[in-house]
1. Of all the helices (runs of 4 or more DSSP H) wholly in the stretch B:339-440, which have at least 1 residues that are without any contact (Cβ under 8 Å) to a residue 40 or more places away in the chain, of a type outside the set (Ser, Thr, Tyr) and closer than 29 Å to residue B:252 by Cβ?
2. Scan the stretch B:248-263 for residues that are in contact with a Ser or Thr (Cβ under 8 Å, 6 or more places away or on another chain) and among the small types (Gly, Ala, Ser) and report the count.
3. Has the stretch A:63-84 got at least one residue that is part of a helix (DSSP H, G or I), surrounded by fewer than 16 Cβ atoms within 10 Å (Cβ to Cβ) and within 14 Å of another protein chain (Cβ to nearest Cβ)?
4. Is one or more of the residues making up the stretch B:303-321 surrounded by 14 or more Cβ atoms within 10 Å (Cβ to Cβ) and closer than 30 Å to residue B:153 by Cα?
5. Any residue at all in the stretch A:144-153 that is closer than 16 Å to residue A:272 by Cβ, small (Gly, Ala, Ser) and in contact (Cβ under 8 Å) with a residue 24 or more places away in the chain?
6. Quick one: in the stretch A:133-189, of everything that is among the small types (Gly, Ala, Ser) and surrounded by 22 or more Cβ atoms within 10 Å (Cβ to Cβ), which residue is nearest to residue A:258 (Cα to Cα)?
7. Taking the stretch A:123-140 as the region of interest, how many residues are small (Gly, Ala, Ser) and in contact (Cβ under 8 Å) with a residue 60 or more places away in the chain?
8. Out of (1) outside any helix (DSSP H, G or I); (2) at the interface with another protein chain (Cβ under 10 Å from one of its Cβ atoms); (3) of a type in the set (A, V, I, L, M, F, W, C), the odd one out for residue A:136 is which?
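The values are calculated or read from the model by the stated rules, or taken from the named source; none is laboratory data. Keep in mind it's a predicted model, so treat the numbers as computed, not measured. Positions of Cβ are backbone-derived with ideal geometry, glycine not excepted, and every protein chain shown enters the neighbour counts.
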Amino acid sequence: MKKILALVAEAYGGGGGIAQTNRDLFEALHQKFEIFVLPRKSNPIQSVLPKNIQQEQAVMNRLWYAKKAFQVARREKIDFVFCGHLLMAPLARMISKTKNIPLWVHLYGIDAWEKPSGMVRGAVEHAELVTAISRFTRRKFLSWAGNSPEKVKILPVTYGEVFQPGSKSESLVERYGLTGKRVLLTVGRLAAQEKYKGHDRVIRALPEILKQVPDAMYVIAGEGDDKKRLETLAKDQGVSDQVLFIGYISEKELPALYRTADVFVMPSAKEGFGIVFLEAAASGIPVVGGQEGGSLDALAEGKIGRMIEADNISQLEEALLQGLRLPRVKNEAVERFSRARYAAHAFKMAENL
Amino acid sequence: MCGIAGIFSYHYASSEVNREELRHIRDAMERRGPDGSGEWFSKNNRVALGHRRLAIIDLSEKGAQPMHSEDKQLSVSFNGEIYNYRQLRQSLEARGSVFHSNSDTEVILHLYRQKGLEMVHDLRGMFAIILWDEQKNQMHLIRDPYGIKPLYYADDGWTLRAASQVKALLVSGKVSKIKEPAGSAGFFLTGSVPEPFTLYQEIRQVPAGSIVSIDSLGCSEPKQYFSISKIFSMAHDQKGSVGSERDAQDKITESLTDSLKSHFVSDVPVGLFLSAGVDSAAIAGLSFDLGHKMNALTLAFAEFQGTAQDELPQAKEIASFYGAPHSEMLLSREEFQKDLDSILVSMDQPSIDGINTYFVSKAAHRQGWKVALSGMGGDELFGGYPSFSEVPAMGRWMYLPSRVPLAGELFQLASSFLISAGLLRQPKITGLVKYGAHPADAYFLKRALFLPWELPALLGSEAAREGLRRLQLKTRLRASLKPDPGGDFERIASLEASHYMRNQLLRDADWAGMAHSMEIRVPLVDSVLLQRVAPFLIRSKESNKKFFLAGAAKKNRASLKKRSKTGFSVPMARWLSEEKAASLDAWKDIKMLQRPETHWSRRWAYTAYQKLAA
């Protein structure tokens with residue numbers, strides 16, 4: 001059985017999309033590969049890890065992390081190195097070079113869009129395989145990296161089977177006072193740096209929506225330093241009462257939250273991929289997203305959700321109103337990102353290394 | 001000449017093929033194939049093939065493409081000619097294949113069925129093939145040994161799109177228009193965009209003599225199945241066993257005749273582009289020996305009439321000597337100027353040449369021709385260019401200076417200063433010490449249009465730096481000398497054929513012929529011919545071996561041997577420098593190009609680049 005050393009920021013015991021993606025990948029490979037995960041950070045792990053997957057103690061300090069990585073590589077006679085974050089590429093390359101084993105670098109999104117330091121670029125250019133989460137990320141990567149394009153493949157994300165259509169969650173409706181409301185939902189971090197997700201544009205569209213759908217409510221799930229700005233904006237637009245910030249939502253409650261919404265919206269101007277689009281579509285609610293960047297992939301060029309010009313408010317209004325009229329049925333198009341297809345593809349790539 | 005297109009939605013997450021998209025790509029190439037069009041979509045709608053046809057062999061509907069094997073497991077869209085298709089068909093039939101058409105396309109299907117991709121070694125000719133293998137769920141993009149026919153592909157990570165032209169792929173709307181700085185840098189360094197690059201990051205050329213295979217995981221790296229340096233290298237191993245030196249001329253004549261015969265294969269008449277040079281005259285002579293009557297056409301210039309530069313009288317003389325019905329196209333400055341825009345539109349990628357071929361093809365088309373032979377390749381094969389003597393000489397002179405640390409940089413600085421002070425005229429001299437010593441570098445210097453340190457002025461410093469970094473020109477030049485061809489002549493012959501002829505001459509012949517729906521055939525650019533003559537060529541001591549070509553025809557005029565090369569020269573320098581059209585003024589923005597002694601080709605390069613890259 002081939003052995004993989006996986007250098008990642010987070011995997012088991014981590015929250016957020018990147019940790020989830022890493023876990024998805026390892027679980028696609030673990031039947032035929034033995035995986036040694038070395039994270040930078042991790043919370044205590046509650047459950048037993050899937051077979052053939054071992055997670056080492058997390059190490060935050062860079063030097064100690066590097067030392068540990070070499071230790072594991074030596075101890076386990078690793079067959080190839082998986083590097084889950086661009087900034088770790090120099091270390092991953094050093095290991096792959098000294099051990100003379102292939103290097104696989106995975107790119108999630110924004111981190112790979114701008115040209116990095118010469119050291120990182122030099123390292124990643126030695127990768128046997130680079131996987132990018134979307135066509136957009138691949139394109140951006142290839143515009144600064146000299147890797148031969150044939151070695152840069154796409155490995156999209158997949159979504160959990162827990163996301164299924166169903167009726168609204170009574171407990172959530174009660175908790176947030178959504179009785180009789182038509183719910184527009186966005187799930188995502190409110191990072192000032194990531195303003196592009198487009199919460200502000202939805203808020204600007206609200207007054208027009210409310211004219212036609214007076215019981216509409218915009219629910220924003222997620223935390224971050226952009227919240228202040230958005231609250232002020234809602235006040236300025238006179239829709240404070242119709243914008244509800246519900247903060248961070250646990251993974252456990254997320255499926256029910258999607259089901260409680262009537263339309264999922266995230267008119268993002270640049271997205272690495274946008275797994276939330278898939279989760280919402282799998283939950284059976286209409287989806288509205290931007291047509292730029294990785295969203296194009298996640299929305300399957302319009303088959304999974306409606307695509308609009310991110311900064312076109314009137315298009316957004318129209319799309320939201322249309323979404324509110326659509327029936328809540330599972331969009332079968334989302335099957336193209338199913339776990340089985342993802343796993344088979346990831347597995348084939350690892351085998352070919 | 002045809003136009004081919006293909007789409008393969010290979011990735012599990014990709015969308016099905018959009019039929020309209022395929023048609024758009026295909027029909028952007030209408031001039032490559034005005035006689036008909038075809039399309040095919042797989043049952044699951046994940047694969048599409050398109051074809052625009054210029055009917056030359058088997059003019060019936062049975063020769064239409066895309067063509068399928070009887071069991072529908074194999075489908076093919078093909079551009080080019082397989083000259084030995086009749087022989088291949090015979091041996092395939094002997095082994096049980098049943099044919100339904102008389103086309104060379106069908107031979108590809110049967111041959112692939114029997115041999116898989118190994119079939120490429122049996123194909124003689126010029127070809128770009130998109131082949132779909134249903135059973136293996138694989139698409140293959142295959143290009144002929146010399147790269148006579150173009151084949152481009154764009155892989156976005158989900159979907160593969162392929163076509164005969166860059167511009168056709170851009171029509172798709174799904175192919176990124178992000179620029180490839182290596183393409184731009186390569187263009188300014190060499191005068192043509194060097195494969196595999198194009199001006200666009202996402203679009204690449206299948207390298208000559210290579211195969212790109214695509215399956216559910218995407219594209220493989222191109223697998224090279226033919227290299228010119230390898231043929232020369234192998235010729236050294238067998239040179240003892242191919243007969244005496246006295247046989248050389250006979251053997252070479254025999255091989256030339258054989259190549260010419262195969263290039264006549266056609267169901268429509270084949271004509272000849274005739275200049276006053278040795279190459280096309282040799283083709284005229286050998287055709288005469290074969291008893292093959294062929295119309296000849298010469299491009300002449302009104303401005304040259306009555307001067308020594310006029311090729312027409314001599315070309316006429318050659319034609320009548322070999323009894324070939326002859327006609328000429330007299331190009332005037334007015335027509336040249338009138339067509340300039342159309343020339344730039346016809347160019348698929350920017351180029352500093354090809355205008356001559358454009359006009360001679362235009363005349364041929366007017367006369368109803370579909371196929372013409374050209375003498376291209378004679379200089380590459382028989383050492384007709386000055387580079388064959390000058391590059392090795394440069395290497396000997398520069399061997400010592402190049403070993404002195406920093407000598408290259410110092411010489412570059414000093415000579416650049418002299419140029420800016422107006423004391424030196426030739427900008428290429430600045431690279432003498434840096435590039436002179438290694439044959440690949442010296443060859444580059446000999447052929448260079450601009451030198452690397454001149455690029456920032458044309459492209460901006462960031463694009464120039466990134467372009468040079470991605471281009472890796474030195475590595476690419478050296479790669480065409482692996483395995484070592486074994487001698488000075490062989491090295492230059494490999495370099496000329498793998499770079500200048502491939503990226504410049506052949507590509508120009510393609511777009512310029514295509515602009516008038518003309519198929520241009522090149523009997524001196526033939527892998528079988530190369531393999532047969534290489535053992536004799538490497539034994540002859542002279543660097544210029546054109547005498548073999550001049551001496552090939554039985555009915556031989558002594559004067560042909562002495563004639564110095566002029567080629568199809570266009571009085572471009574004068575016409576362009578006097579051209580008043582504002583649309584051709586782009587070069588005036590660049591200070592370096594304003595110097596009065598600047599060669600016209602540098603100005604034209606910048607103008608063409610601005611037109612095509614903008």
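1. B:387-403
2. Quick first cut of the stretch B:248-263, residues in contact with a Ser or Thr (Cβ under 8 Å, 6 or more places away or on another chain) only: B:248, B:260.
Still in the list and also among the small types (Gly, Ala, Ser): B:248.
Total satisfying the criteria: 1.
3. no
4. no
5. No, the stretch A:144-153 contains no residue that is closer than 16 Å to residue A:272 by Cβ, small (Gly, Ala, Ser) and in contact (Cβ under 8 Å) with a residue 24 or more places away in the chain.
6. We begin by selecting, within the stretch A:133-189, every residue among the small types (Gly, Ala, Ser); these are A:134, A:143, A:145-146, A:148, A:160, A:166-167, A:169, A:171, A:177, A:180, A:188.
Retained after the next criterion (residues that are surrounded by 22 or more Cβ atoms within 10 Å (Cβ to Cβ)): A:134, A:145.
On the way: A:134: 24, A:145: 38 Å.
So the residue we want is A:134.
7. Here the count works out to 1.
8. The failed condition is (1).
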